[in-house]
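Asks: This is the structure I want to talk about, given as structure tokens.
The values are calculated or read from the model by the stated rules, or taken from the named source; none is laboratory data. Please read all numbers here as calculations on a predicted model, not as lab measurements. With ideal geometry, Cβ positions are generated from the backbone for all residues, glycine too; neighbour counts draw on all protein chains shown. Ligands, DNA and RNA are excluded from the accessible area calculation, which covers all protein heavy atoms including side chains. Shrake-Rupley method; radii C 1.70, N 1.55, O 1.52, S 1.80 Å.
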2 protein chains.
Amino acid sequence: MNIREALVEMKAQSPVLGATPVEKRNKALSCIIEELKADSAEIFKANKKDLEEAHKANLADSIIQRLKFNEKKLEGLVAGLADLIQLPDPLFKTTLARQLDEGLNMYRKTCPIGVIGIIFEARPDALVQISSLCIKSGNCAVLKGGSETFNTNRVLFQSIQKALVKAGISEHVLFQAEERTEISELLKYDEYVDLIIPRGSNAFVRYIMDNTKIPVLGHADGKCHIYVDTSADFEKALKIIVDSKTQYVSVCNAVEALLVNRTIAKEFLPLLAKVLADNHVTVKGNKEVSDYINCDVVEDAELVKEYLDYIVSVRIVEDEAEAIQYINKNGSHHTDCIIAEDKEAVAQFMRLVDSAGVYNNCSTRFADGYRYGFGAEVGVSTVKIHARGPVGLEGMVTYKYEIYGDGHIVDDYASGKKEFHFKELD
Amino acid sequence: MNIREALVEMKAQSPVLGATPVEKRNKALSCIIEELKADSAEIFKANKKDLEEAHKANLADSIIQRLKFNEKKLEGLVAGLADLIQLPDPLFKTTLARQLDEGLNMYRKTCPIGVIGIIFEARPDALVQISSLCIKSGNCAVLKGGSETFNTNRVLFQSIQKALVKAGISEHVLFQAEERTEISELLKYDEYVDLIIPRGSNAFVRYIMDNTKIPVLGHADGKCHIYVDTSADFEKALKIIVDSKTQYVSVCNAVEALLVNRTIAKEFLPLLAKVLADNHVTVKGNKEVSDYINCDVVEDAELVKEYLDYIVSVRIVEDEAEAIQYINKNGSHHTDCIIAEDKEAVAQFMRLVDSAGVYNNCSTRFADGYRYGFGAEVGVSTVKIHARGPVGLEGMVTYKYEIYGDGHIVDDYASGKKEFHFKELD
């Protein structure tokens, strides 16, 4: 089956999957657990092949660690699936129930988005997590994982399809694309695909956004800021900055730029410089910053980069208002934080910073579906429509309006013969 | 000010408007009422000029009726504004409040989308309605109305800007584009504009969708279906079909295709043909339909058009399942209706038809923000992400996650030193 044939079939299956009761969707998830366990030897064998090829290709050790799929990763995956089964059904929820007039009732009910195209990094657990999020939310999906896990993904996908069939769900609700060329083909089919979720590098996500008419949910940049206010508790500030920068440097929610209020610069910057040096973080700063601390002196334009490394930029700002303006202008509307004890300063920041996550006195690294209590996430969104921030089950549904009448026609209302009687229903 | 300068200024004003308390936004709306009344003579004068030019250009009478702005239209507009003031504030609503761990609390709060580009038909009331929906929802907007109301719109917009300034809101939160060339310019500025809402012809909306990277909310086609089930009450069916087709033929929620169950075809079709003929509606049907009634015989491919006229297509289907499949495949996911008394048949249709509005026993013409009790609408959306169906204030907001900590860092959780304690907050 090629990708177009798969999409035609998927579009037909999509309403059926969307009408499937949650018991059946959960059953599919528990079947996935069973199949993964039953097929584990075969999965590990396929993974070994991927790892051998990765070594041969001299991939970095950090990448190889991500490719590895062993007993421990399987356990984590099974635990995640068990959690997902426990999560409430995101479908068929009535979010508005209103009488429009006597005998004319409207209900807004959640339903799946339909067909989603998801392109994700080479990490075997990602394939299983994303597939199961789609099943739970009643969405069909075309899945394209990183090529470095080609062998593992193929076996994992077979196990998932066996599980679907066991649970009485069509195997055609999911399709695995294995060739990179299939991505550009997928992007063309706006008549079949309702949403694209790309995960991966900045450049890759931009490429997707620039090359499809299908709505795209995701984030390109992750330029997170921390502003240190005059009312900041320095001890908290240093701890949070180190965690935000170094807990995992290559991710979108790591901090990239620090803004320090001029009033506290003289006192705070030397403390900051020491703790960053202790944690192997290089500081980039402009001329003004270099008056206070040793740093890699660069032009202002260099301070707004996403480093994804043990590098952070530092800039001095006149006041909170300048910090807010700077973040709204130069940030990526992902996650930004204020370190402050002053309640009014915090409230101001929370109101005026235009980001998916606005934090006070905690690490930017909390921007993650699991840490928000969503169970899992399919991605993090910095677009402002539909779903913003970590996207869990709730972000994977839309809704429809159902209206039940008894022969009601519009002309009666347009002519003034009848009037609407809006009333919320219980 | 050109459009780029206006957008730069708007992007800076946008967080400020978004943080404005509802009292101030409502004050702006009541100032608009005052200014419109004060400027009415000037507005009517400008409208006269537009009407003269419309007559000179030999525009159709139906269009000229829409261009007209008189005392009665002003009254309707003022009443609508008064209603809008009464509607609850869509901003700053907490839609999720969750403790992530001791002292680490998360709140999801609604906030404006930011900067919206709205392109709409030549109807003077549209300019005022759309501007006021934007103000109420805290959104900045670039507005481009139909050129046939150029003079009226210019005076109306001046009144609105005076009102904004009186209420203490920057006049730069709204910008009126007057040249058609400004549309293509607007579509380029994806770094400033968060959402485009085009209203107008099918071809125009498609053009917008095909020529911008900015997310687009709206609908191109409006191919609404009515399926007449074996369990239908014929009297209701005929009344609803006439209303859905003729109450206003040139709109997106008018019915374009009727699907009739084969079991009742012989009995129902002659009744249908009569009532449609009485209402000057031409029937297009395939060979099979022409065995039962007189009709304009066409190929099947001709039956799936959006006529926007006194024309409707009729097709016979084997059963409800075929009707549902046909609608999902050939419809435009706008609004589709089943006429049936059988509860199971209705439930099946509501579950399986993948449209923004799924109706039972009422006219498709109810698909409208005012009739849904939304007060007003900025458009109707058939895209499945963000907002679907008529888009009122609720569809004009997004949300952000606010997290308040006390020095919380991720490493404590990643290392296992601490555990999350998720708890919903009151």
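Asks: Kindly indicate which of B:SER159, B:SER170 is open to solvent by less than 10 Å² (accessible area, probe 1.4 Å), at pLDDT 95 or above and assigned by TED's automatic domain parsing to the domain that holds B:LEU127.
Replies: Of the residues listed, the single one that is open to solvent by less than 10 Å² (accessible area, probe 1.4 Å), at pLDDT 95 or above and assigned by TED's automatic domain parsing to the domain that holds B:LEU127 is B:SER159.
Asks: Determine, yes or no, whether A:TYR326 is in contact with a strand residue (DSSP E or B) (Cβ under 8 Å, 6 or more places away or on another chain), under 21 Å from A:VAL242 (Cβ atoms) and open to solvent by 10 Å² or more (accessible area, probe 1.4 Å).
Replies: No: the conditions fail for A:TYR326.
Asks: Next question. Of everything in the stretch B:296-323, what is touching a Gly at 6+ places or on another chain (Cβ under 9 Å) and crowded, with 19+ Cβ neighbours inside 10 Å? Give them in sequence order.
Replies: Residues satisfying the conditions are B:LEU303, B:SER313, B:VAL314, B:ARG315, B:ILE316.
Results for (1) at pLDDT below 95; (2) within 14 Å of chain B (Cβ to nearest Cβ); (3) out of contact with any Ser or Thr (no Cβ under 6 Å at 6 or more places or on another chain); (4) open to solvent by 50 Å² or more (accessible area, probe 1.4 Å), shown as yes or no for each residue.
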{"residue": "A:SER201", "(1), (2), (3), (4)": "yes, no, yes, yes"}
{"residue": "A:VAL205", "(1), (2), (3), (4)": "yes, yes, yes, no"}
{"residue": "A:VAL216", "(1), (2), (3), (4)": "yes, yes, yes, no"}
{"residue": "A:HIS225", "(1), (2), (3), (4)": "no, no, yes, no"}
{"residue": "A:ALA237", "(1), (2), (3), (4)": "no, yes, yes, no"}
{"residue": "A:LEU258", "(1), (2), (3), (4)": "no, no, yes, no"}
{"residue": "A:ALA265", "(1), (2), (3), (4)": "no, no, yes, no"}
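Asks: From (1) open to solvent by 30 Å² or more (accessible area, probe 1.4 Å); (2) at the interface with another protein chain (Cβ under 10 Å from one of its Cβ atoms); (3) not in a loop (DSSP other than H, G, I, E, B), pick out the condition that doesn't hold for A:ARG371.
Replies: (3)
Asks: Related question: Determine whether A:ARG98 is touching a residue at least 60 places away in the same chain (Cβ under 8 Å) and charged (D, E, K, R).
Replies: Working: touching a residue at least 60 places away in the same chain (Cβ under 8 Å): yes; charged (D, E, K, R): yes.
Spelling it out, A:ARG98 is indeed touching a residue at least 60 places away in the same chain (Cβ under 8 Å) and charged (D, E, K, R).
Asks: With B:SER250, B:SER184, B:SER244 as the choices, which residue is buried (at least 24 other Cβ atoms within 10 Å of the Cβ) and among the polar types (S, T, N, Q)?
Replies: On the way: B:SER250 fails: buried (at least 24 other Cβ atoms within 10 Å of the Cβ); B:SER184 fails: buried (at least 24 other Cβ atoms within 10 Å of the Cβ).
Only one candidate passes the filter, namely B:SER244.
Asks: Whether any residue in the stretch B:367-388 is modelled with pLDDT of 90 or more and either in the same structural domain as B:LEU100 (by TED's automatic domain parsing) or not charged (D, E, K, R) (or both) is what I want to check.
Replies: So far as the stretch B:367-388 goes, yes, one or more of its residues are modelled with pLDDT of 90 or more and either in the same structural domain as B:LEU100 (by TED's automatic domain parsing) or not charged (D, E, K, R) (or both).
Each row is one residue, and each column tells you yes or no for (1) part of a helix (DSSP H, G or I); (2) of a type outside the set (D, E, K, R); (3) open to solvent by 50 Å² or more (accessible area, probe 1.4 Å); (4) modelled with pLDDT of 95 or more.
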residue	(1), (2), (3), (4)
A:ARG25	yes, no, no, yes
A:ILE32	yes, yes, no, yes
A:LYS37	yes, no, yes, yes
A:LYS45	yes, no, yes, yes
A:LYS49	yes, no, yes, yes
A:ILE63	yes, yes, yes, no
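Asks: If I filter the stretch A:407-418 for residues that are free of Cβ contacts under 8 Å to residues at least 60 places away in the same chain, more than 8 Å from chain B (Cβ to nearest Cβ), closer than 24 Å to B:PRO112 by Cα and surrounded by fewer than 23 Cβ atoms within 10 Å (Cβ to Cβ), do I get at least one hit?
Replies: The answer is no, given that none of the residues of the stretch A:407-418 is free of Cβ contacts under 8 Å to residues at least 60 places away in the same chain, more than 8 Å from chain B (Cβ to nearest Cβ), closer than 24 Å to B:PRO112 by Cα and surrounded by fewer than 23 Cβ atoms within 10 Å (Cβ to Cβ).
Asks: Tally the residues that are of a type in the set (Ser, Thr, Tyr) and within 11 Å of the chain's Cα centre (by Cα), restricting the search to the stretch A:371-402.
Replies: Number satisfying all stated conditions: 2.
Asks: Then there is this: What number of residues within the stretch B:171-230 satisfy the criterion of being under 24 Å from A:ASN330 (Cα atoms) and of a type in the set (Lys, Arg)?
Replies: 2
Asks: Something else: Go through the stretch A:212-242 and give me each residue that's closer than 12 Å to A:ASN361 by Cα and assigned to a helix (DSSP H, G or I).
Replies: Hits for the stretch A:212-242 are A:PHE234, A:GLU235, A:LYS236, A:ALA237, A:LEU238, A:LYS239, A:ILE240, A:ILE241.
Asks: Same structure again: Please state which of the following conditions B:ILE116 fails to meet, knowing it meets all the rest: (1) within 21 Å of B:VAL193 (Cβ to Cβ); (2) part of a helix (DSSP H, G or I); (3) not polar (S, T, N, Q).
Replies: Unmet condition: (2).
Asks: Taking the stretch A:391-406 only, how many residues are modelled with pLDDT of 85 or more and either over 30 Å from B:ASP342 (Cα atoms) or more than 7 Å from every other protein chain (Cβ to nearest Cβ) (or both)?
Replies: Residues that pass the stated criteria total 0.
Asks: Now a separate question. Need pairs with beta-carbon distance below 8 Å; first residue within 14 Å of chain B (Cβ to nearest Cβ) and within the stretch A:10-34, second of a type in the set (Ser, Thr, Tyr) and surrounded by fewer than 21 Cβ atoms within 10 Å (Cβ to Cβ); sequence gap 6+ or separate chains.
Replies: Close Cβ pairs (under 8 Å, with a partner that is of a type in the set (Ser, Thr, Tyr) and surrounded by fewer than 21 Cβ atoms within 10 Å (Cβ to Cβ)) amount to A:GLN13/A:SER170; A:VAL16/A:SER170; A:LEU17/A:SER170.
Asks: When the residues of the stretch B:351-368 are narrowed to those that are open to solvent by 10 Å² or more (accessible area, probe 1.4 Å) and at the interface with chain A (Cβ under 7 Å from one of its Cβ atoms), which ends up farthest from A:GLY138 (Cα to Cα)?
Replies: Out of the qualifying residues, it is B:ARG365.
Asks: Continuing with this model, one more query. Could you list, in sequence order, all residues of the stretch A:374-384 that are open to solvent by less than 10 Å² (accessible area, probe 1.4 Å) and in a loop (DSSP other than H, G, I, E, B)?
Replies: A:VAL378
Asks: Which of the residues belonging to the stretch B:329-350 are crowded, with 24+ Cβ neighbours inside 10 Å, among the small types (Gly, Ala, Ser) and in contact with a His (Cβ under 9 Å, 6 or more places away or on another chain)?
Replies: none
Asks: Next question. Out of (1) open to solvent by 10 Å² or more (accessible area, probe 1.4 Å); (2) part of a helix (DSSP H, G or I); (3) more than 30 Å from B:ASN202 (Cβ to Cβ); (4) modelled with pLDDT of 95 or more, what's the single condition that is false for B:ASP83?
Replies: (4)
Asks: Examine the stretch B:51-58 for a residue that is on the phi < 0 side of the Ramachandran plot and modelled with pLDDT under 90, and state whether such a residue exists.
Replies: So far as the stretch B:51-58 goes, no, none of its residues is on the phi < 0 side of the Ramachandran plot and modelled with pLDDT under 90.
Asks: Say we look at the stretch A:187-199 and pick out the residues that are within 12 Å of chain B (Cβ to nearest Cβ), of a type outside the set (Val, Ile, Thr) and in a loop (DSSP other than H, G, I, E, B); which of these is surrounded by the fewest Cβ atoms within 10 Å (Cβ to Cβ)?
Replies: Looking at residues that are within 12 Å of chain B (Cβ to nearest Cβ), of a type outside the set (Val, Ile, Thr) and in a loop (DSSP other than H, G, I, E, B), I get A:GLU191.
Asks: OK, next. Of the conditions (1) assigned to a loop (DSSP other than H, G, I, E, B); (2) surrounded by fewer than 21 Cβ atoms within 10 Å (Cβ to Cβ); (3) at pLDDT 95 or above, A:GLU179 fails just one. Which one is it?
Replies: All conditions are met except number (3).
Asks: Okay, next question. Any idea which of (1) more than 7 Å from chain B (Cβ to nearest Cβ); (2) surrounded by 15 or more Cβ atoms within 10 Å (Cβ to Cβ) is the one A:ARG388 doesn't satisfy?
Replies: (1)
Asks: Provide a single number: the residues in the stretch A:91-110 that are within 21 Å of the chain's Cα centre (by Cα) and open to solvent by 10 Å² or more (accessible area, probe 1.4 Å). Quick ask: steps written out before the conclusion?
Replies: Taking the stretch A:91-110 and keeping what is within 21 Å of the chain's Cα centre (by Cα), we get A:91, A:110.
Add one more test, that the residue is open to solvent by 10 Å² or more (accessible area, probe 1.4 Å), and what stays is A:110.
Looking only at that region, the number is 1.
Asks: Scan the stretch B:145-173 and report the pairs whose first residue is in contact (Cβ under 8 Å) with a residue 12 or more places away in the chain and whose second residue is crowded, with 20+ Cβ neighbours inside 10 Å and of a type in the set (S, T, N, Q), with Cβ atoms within less than 6 Å and a gap of 6+ or a chain change.
Replies: B:GLY145/B:ASN153; B:THR152/B:ASN47; B:PHE157/B:GLN176; B:ILE160/B:SER131
Asks: Go through the residues of the stretch B:272-286 one by one and say whether even a single one is buried (at least 24 other Cβ atoms within 10 Å of the Cβ) and outside any helix (DSSP H, G or I).
Replies: yes
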